[in-house]
Each structure stands twice: as C-alpha cells, then as structure tokens.
Amino acid sequence: MITAIPIRKAEIMPHQWVSRALPSRRCPRISAWCFLDYLHQEKNNESNEHFGINVAPHPHIGLQTFTWMRQGSIVHEDSLGNHSVINPHEVHLMTAGRGIVHTEVSPNFLDKAKEINLTEIESLQFWLALPKEKEAIPPTFKRYPHLPHFEHQGLAIHLFMGEFLNHNANIPSHVPLMGADITVSTTETKTETHTLPLNKEFEYGIFLTHGKLNINQDTYEAHQFLVLDKALTELSFTAEKGSKFILIGGSPVTEPIMMWWNFIAHDQQTIEEAMNDWEHYPSSRFGKVNHPEPAIPAPPLTANLKVR
Ligand code: MN
C-alpha cells in the first residue's frame, strides 16, 4: 500500500519558486524529516535574471536544516560566522537549536560581474525536528563533503543519511534516520525488478523527481511524494532508466510539534518568544549575517498553532 501525494509550489522569496513535498495534510512528516523543499532550475537564456536563489537573512529555531545538493552550488553564511559552499553530492547540516540566522545564495547572485558558468541548480532542503529536550541546544553548522555512493542492482545510490546496504553516511542524528538519492542506471530491460531492503522499525517516504516508478501494479509519475505502508519489509519496483527518487526513513516520532514560518517548537510560547526576538534582529539570540538585502520579516502569528 502506497499513498501518493502531489507536490505543491511555494514561493520562498519573490520570483524564487520551489516544490514543497513535506509537510502535507496527509503526511506531516516521515520520522524527524518534517519539511522538504525541492529546488530545480535550468537556465533558459543568458538574461534569466531570476535564475538561482537569493534567500536573505532569516532565523530558525528548534530544527536542523539538512541540504543535499544534486547540481550547482549554494553559498551558506550564518550568524556563527560560517561561510561554506555546498557542491553536488554534499550535505550542509545546520542545527538551529535555540537560534541561528543564515543566508543561502547562488554564486551568480553574489558576484554578478563575474562570469559564473552555472546552468542548472538542483537541491533538496529538509528540516529535521529536534526532540523537545534538545530544541534549545546551541546552534552549530557542518559541511559533509564525502558521502558514500555505490551501485546496487542497476541503481546508482548516494547515501546522505544513516545506514543502508552496508554503507554508512556517518552524519549524527537525534533519532535513527536514513536518506538516499537513487538513480535507475541499469542498461538492462525496463522490466528488470529492483529490490531495496527496508528496516521494519522505520517509516519511509519517497520523493520521485524524475521518471516513473512501477510498484506492484501501479505506476507513479514524477513530482509526487509516496508514503510507504509501514508493513513493507522491502521495496520492489521497475522503472525506466534515468528515473530518480529520494528515499527517506526513520524511527517514528510521536512527539507533537508546532511549526510556524521558520520555527519549530513544542509549545506556542516558544514560537512567540522567537517571533518577538526576531523583530529585534540583530539581537543576542539572533546574531547578524552580513547581506546586501534586508532580513526577511516573519508573517504575523494571529492564531493558535496546531500541533502536528
Ligand atoms: Mn533557512
């Protein structure tokens, strides 16, 4: 049994669009993976002024941002003083904890005069909810440039989190998680069946970005998020060559969370305090990031937040 959920569009900055796969009403999260934005842009012509992203200073609390890059690069700067460029098949893991401010900018925005040969940008940004007892830990940032990639049954697999098929990404997490970027690379017939093992303690989701997957008698098209039934012990499928999907999983998280804008907490008061502190940026809580454009204001919080 698989639940297929269509992906919706979200405008993260004016003219800067992403596809939002998580959360959705029918799938608020997969384990601690509680947010997923997919950015994919191809440059059509030289004067494509909205190519890339330029996300001005904004804060986070109570979560980790987990960025996986497929194509192109993005420059991260934060209020701890980190300046880091993420390249294909690398991870940027930023733990917001009690509070951090960052910017995420394509290199072409940083130096418009410089000739930058960037024609395609493709990345995924997840958020991981921190457990309640760790929601206010000190902020940290780390880049992971060397992650496992391997072949398995005609699949090219990049592992970006946890253990899978006897490989380990060696990125620490607060609950057991896995995450892999999988491309169907087989040269065999498209009726070849691929089988991936699933951990019976985990729940799983698939974000299909390219091609089609045939699972049992059903065909799933790209730009859908598939929630796998918890009873599945393996995933068997056929697919055309070049199909690509992200498989994420982890131990079920039962602790309810609240999300508002860029904040995650376990009660409304914590969110309200962060909103107030962000109004006074830069502050002792939300230190400064230098950026040519002003910080992004938070949308007003006028209602009681629902737990998810
Ligand atoms: Mn952010």
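Here, each number is a calculation from the coordinates, and none is a lab measurement. As the structure is a prediction and not an experimental result, all values here were calculated from the model. Virtual Cβ from ideal backbone geometry, glycine too; neighbours counted across all protein chains shown.
Could you work out [θ]222 nm for the chain from helices alone, using -39500 (n - 2.57) per DSSP H run of at least four and dividing by all its residues? Round to the nearest 500 deg cm²/dmol.
Values: 2 runs with 16 residues, N = 308.
It lands at -1500 deg cm²/dmol.
Given the stretch 24-136 reduced to its alpha-carbon atoms as identical point scatterers, what log10 I(q)/I(0) does the Debye formula return at q = 0.10, 0.12, 0.19, 0.21 Å⁻¹? So the normalised log intensities work out to -0.33, -0.46, -1.03, -1.18. For the stretch 28-86, the normalised intensity computed at q = 0.12, 0.21, 0.25, 0.29 Å⁻¹ comes to -0.42, -1.10, -1.30, -1.41 (log10 of I(q)/I(0), Debye sum over alpha carbons, equal scatterers, no solvent). Measuring between alpha carbons in the structure, the pairs from Lys43/Lys212; Lys132/Lys244; Lys9/Lys244; Lys200/Lys241; Lys142/Lys241 lying more than 31 angstrom apart are Lys132/Lys244; Lys142/Lys241.
So what is the relative contact order of the stretch 196-246, in percent, for Cα pairs below 8 Å that sit 6 or more residues apart? Kindly include the intermediate steps, with their values, before the conclusion.
Details: 93 pairs, mean separation 24.9, N = 51.
Reported relative contact order: 49 percent.
Mean shadow of the stretch 134-190, computed from the convex hull of its alpha carbons, in nm²?
On the way: hull surface 20.6 nm².
Averaged projected area of the stretch 134-190's Cα convex hull equals 5.2 nm².
Whole-Hz Karplus values for the stretch 214-221 come out as 10, 10, 6, 9, 10, 10, 10, 8 Hz, taken residue by residue from phi with 6.51 cos²θ - 1.76 cosθ + 1.60 and θ = phi - 60°; glycine and proline positions read x.
Taking square-rooted eigenvalues a ≥ b ≥ c of the alpha carbon gyration tensor, is the stretch 237-296 rounded, prolate or oblate, where a/c under 1.5 means rounded and, failing that, a/b exceeding b/c means prolate?
Values: a/c = 4.27, a/b = 1.69, b/c = 2.53.
Oblate.
Where a ≥ b ≥ c are the square roots of the eigenvalues of the C-alpha gyration tensor, would you call the stretch 86-236 rounded, which needs a/c under 1.5, or, failing that, prolate if a/b is larger than b/c, or oblate?
Values: a/c = 2.08, a/b = 1.29, b/c = 1.61.
In terms of gyration-tensor shape, oblate.
Before anything else, pin down the relative contact order of the chain: Cα pairs under 8 Å, at least 6 apart, normalised by residue count, whole percent.
Numbers: 745 pairs, mean separation 62.4, N = 308.
Value for the chain: 20 percent.
Loop-located GluC sites (Glu not before Pro) across the stretch 128-176 with a Cβ neighbour count of 16 or fewer within 10 Å are lacking, with loop assigned by DSSP. Summarising the amide proton neighbourhood of Ile74: residues at separation of 5 or more, or on other chains, whose placed amide H is nearer than 5 Å comprise Ile86. Counting only alpha carbon atoms, the long axis of helix 268-279 and the longest principal axis of the chain meet at about 60°. Contact order, relative form, for the stretch 1-135: 30 percent (alpha carbon pairs under 8 Å, 6 or more residues apart, mean separation divided by residue count). Looking at the stretch 60-157, the trypsin sites (Lys or Arg not before Pro) that sit in a DSSP loop and have at most 10 other Cβ atoms within 10 Å of their own Cβ are Lys112, Lys114. Under 5 Å from the amide H of Gly99 lie the amide H atoms of Gly62, each residue being 5 or more positions distant or on a separate chain, with H modelled from the backbone and absent for Pro and chain starts. The calculated P(r) of the stretch 56-101, using every Cα pair and 10 Å bins from 0, goes 26, 55, 18, 0 in percent.
Inter-part distance, the stretch 223-258 to the stretch 15-43, computed on C-alpha centroids, equals 14 Å. Calculation over all alpha carbon pairs of the chain in 20 angstrom steps from 0 returns a P(r) of 32, 58, 9 percent. Shown here are the Rg and Dmax of the Cα trace of the stretch 171-308, at 20.8, 60 Å. Remark: the stretch 144-153, residue by residue, has Karplus-estimated 3J(HN,Hα) of 10, x, 10, 10, x, 9, 7, 9, 8, 6 Hz, where x stands for each Gly or Pro and the curve is 6.51 cos²θ - 1.76 cosθ + 1.60 at θ = phi - 60°.
Residues whose amide H comes within less than 5 Å of that of Gly250, counting only those at least five positions distant or on another chain, are Met178, Glu203 (H built at 1.01 Å from N in the peptide plane).
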